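One structure below.
Computed from the coordinates by the stated procedures, all read-outs in this text should not be read as laboratory data. Here the structure is a predicted model, which means the values were calculated and not measured. Using ideal geometry, Cβ is built from the backbone for each residue, glycine included, and neighbour counts are taken over all protein chains shown.
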Amino acid sequence: MDPDRPRLAASHALWERARRVMPGGVYGHQNGAALGDGHPRFLARAERARVWDVDGNEYVDWMCAYGPMILGYGHPAVEAAVAEQLAAGDCLPLPGPRMVELAERLVRLTPRGDLVVFGNNGADATSWAVDVARAHTGRPLIARVAGAYHAARPWALPRTPGVPRSHQDELVEFGWNDLDGLRALFTAHPDRIAVVMTTPFDHATGAAPALGFFDGLRALCDAHGALFAMDDVRAGFRFHLGGSCEHFGAAPDLICYSKAIANGHALSAGLARESLRGAAERVYFTGSFFFASGAFAAALATLEVLEHTDAIARIQRIGRLLTDGLAEQARRHAVPLLPVGQPAMPVVRLADDPDRRRTRRFCSLVTAAGAYAHPGHNWFVSAAHTEEDVARTLEASERAFRTVAEEG
Ligand SMILES: Cc1ncc(COP(=O)(O)O)c(C=O)c1O
């Protein structure tokens, strides 16, 4: 990098161009400007667990594209499988054999999955699960944990501009680990709740399910004739190859995957128990790119690596190395770091920081020192992260904790 050039000049220049032709500059969650001036706004390239911004700055990437990158950017086996498939044909008027192979593979790997559909994004899979549950039960309501993110769709974001108010009545909420709250919802809405959708742990805080939470949730669903859908879009494959429900001890009827399933290629999957075959055959589910074979080839190669290497154990181990290191530094500098939750997907936040001012400052300093750190979203660990990546990050965080402690 040219030392005379401001660190993020090209990022900011591209942002000014973006603002003129795209709503909000960059819409949605991949908006670097929302993280503050210390964060880059556009990335130029990536390799393994490193990314380079448009100014040429290199970062250890702890966001992994918000989850999809699980084996490393440009993983040779995945990219070779994709290249071979693209040369043969990708988006054709009929599906190819890879689709069936992948469905068979997922059914083999997933103890609680007997039937599979594929889409492109996580929202395709979670919306399909809702449709199947409604078709199966003949009921309209969706119960979710308060504020949980499941899709950029009206049923999941009924209070956003442009969405008719009627969608608000379709969504009811209870607290994470709050079985009494869920029981009260079933009592308040008898024979109306089609599905209870949860994530395998609380993504906002990283909190694990309390002992008995998922058993109790299952029992309530059974007692009231509702289905249980596990939204494993974000966590899927970082904890267990057969679904995070196997790791956290849950027994859902429906499972939704996306993000990491194809190591960065656009794919999602919805899985259902055999008992839901009738409903799954009745709902309408399709899309122009749902049957493209390149992403299926990527997923087959990704699952092959995950199944035959220690990738998942490595993700857990590297995550613990990183988060133990952060916790030790925070203690030493007397900075109140909250418990990070799941080391493979840690939530890095400071206590007593309601507007996240100190958390943002900390993450901005860590990012400027070469480890991309998000102040408002859980981080992601991949199998491509190394001990050296952790060491480089902890070097940056050591200085950042010291600064944050001094600044108060
Ligand atoms: C838990 C969860 N469910 C569903 C989704 C929606 O996935 P997508 O953005 O691919 O539609 C996300 C996306 O972040 C998610 O984190």
Report the antiparallel proportion of the DSSP beta bridges in the chain as a percent, rounded to a multiple of 5.
-> 50
How many angstrom separate the Cα center of the stretch 143-157 from the Cα center of the stretch 1-55?
-> 29
The helix 97-109 Cα axis meets the longest alpha-carbon principal axis of the chain at an angle in degrees, between 0 and 90 and rounded to 10, of 90
Whole number please: convex hull volume per residue, Cα atoms of the stretch 214-262, in Å³.
-> 59
Tell me, Kirkwood radius of the stretch 1-156 from alpha-carbon pair distances, in Å?
-> 19.7
Please work out how much length the chain gains when fully extended from ARG402 to ARG165, using 0.36 nm per residue of separation minus the C-alpha to C-alpha distance, in nm with one decimal.
-> 80.5 nm
Fewest first, what order do THR160, THR386, THR126, THR367 take by the number of other Cβ atoms within 10 Å?
-> THR160, THR386, THR367, THR126
Would you kindly state how much longer the chain becomes between GLU328 and ALA188 on full extension, computed as 0.36 nm times their sequence separation minus their alpha carbon distance, in nm to one decimal?
-> 45.8 nm
Sort TYR73, TYR257, TYR27, TYR59 so that the residue with the fewest other Cβ atoms within 10 Å of its own Cβ comes first and the one with the most comes last.
-> TYR27, TYR73, TYR59, TYR257
Estimated FRET transfer efficiency (GLU16, ALA223; beta-carbon r; R0 45 Å; 0.05) | 0.20
Pairs of alpha carbons in the chain whose separation is greater than 33 Å (percent) = 35
Between 0 and 90°, nearest 10: helix 122-137 axis offset from the chain longest Cα axis = 20
Quick one: angle between helix 311-332 and the longest Cα principal axis of the chain, in degrees between 0 and 90, rounded to 10, please.
-> 50
